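For reference, the structure is listed below as structure tokens.
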Amino acid sequence: SRDIPLNAKWSPTGVTVAGGNGGGDGTNQLHDPQGLFADDDETIYIADRDNHRIVEWKSGATTGTVIAGGYGRGTGDNLLDSPLDVIVDTKTDTIIIADSGNKRVIRWPRRGGKRQETLVSDVYSGGLTMDEQGSLYVADYTTHEVRRYEKGDTQGKV
């Protein structure tokens with residue numbers, strides 16, 4: 001969580017920090033970026049929906065690094081289908097992905113991993129967050145609800 005003062009103000013114009021080179025699949029491009037996660041080092045993780053990948057973009061970099069997916073749309077262990085959100089679980093050094101086209105939420109090793117683990121199935125997830133206790137919150141855009149999953153829980157609570 002971030003402590004943002006009540007009187008905080010932001011610049012009316014933003015600065016491009018990732019992509020900005022037209023839509024495409026190059027490491028300096030994004031195609032329909034969706035959910036974002038920024039860590040304490042100002043590295044951002046981007047759900048690059050139409051490239052079916054998660055991109056890690058370090059502060060000041062001109063290119064990103066594909067850390068999950070990126071091999072086209074699919075259902076296999078190393079494939080994603082239209083990811084919509086991503087968060088980082090620093091306790092397990094993994095990323096958690098809303099893999100919406102595959103109707104699942106998955107955990108993927110953040111550094112050098114190619115194999116994912118399904119955490120929640122049969123969910124059209126459009127958004128994710130995790131609280132300090134490690135409970136995972138999943139927004140399902142077809143059931144119009146947000147469910148909380150505690151560790152070891154497969155059904156979740158509305």
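FYI, it's all coordinate maths here, none of it is from the lab. Remember, it's a predicted structure, so these values are computed and weren't measured experimentally. Cβ sites come from the backbone with ideal geometry, for glycine too, and all protein chains shown count toward neighbours.
Between V120, V86, V55, the GNM of the chain built on Cα springs shorter than 10 angstrom shows V120 fluctuating the most. Note on the stretch 1-136: dipole from Cβ charges, positive end direction compared against N21, S135, A38; the farthest Cα belongs to N21.
Summary: within the chain, the longest segment free of chymotrypsin sites (Phe, Trp or Tyr not before Pro) located in DSSP loops with at most 15 other C-beta atoms within 10 Å is 72-140. In the chain, Cα pairs under 8 Å separated by at least six residues give a relative contact order of 12 percent.
From the coordinates of this entry, mean projected area of the Cα convex hull in nm² is computed, and it appears in (1) 14.7; (2) 10.2; (3) 15.3 under the label (2). Under a Gaussian network description of the chain, with springs only between Cα atoms under 10 Å, the residue in D77, D25, D40 that fluctuates furthest is D40. Considering only Q29, Q116, Q133, the mean-square fluctuation computed in a Gaussian network model of the chain, springs between alpha carbons under 10 angstrom, is largest for Q133.
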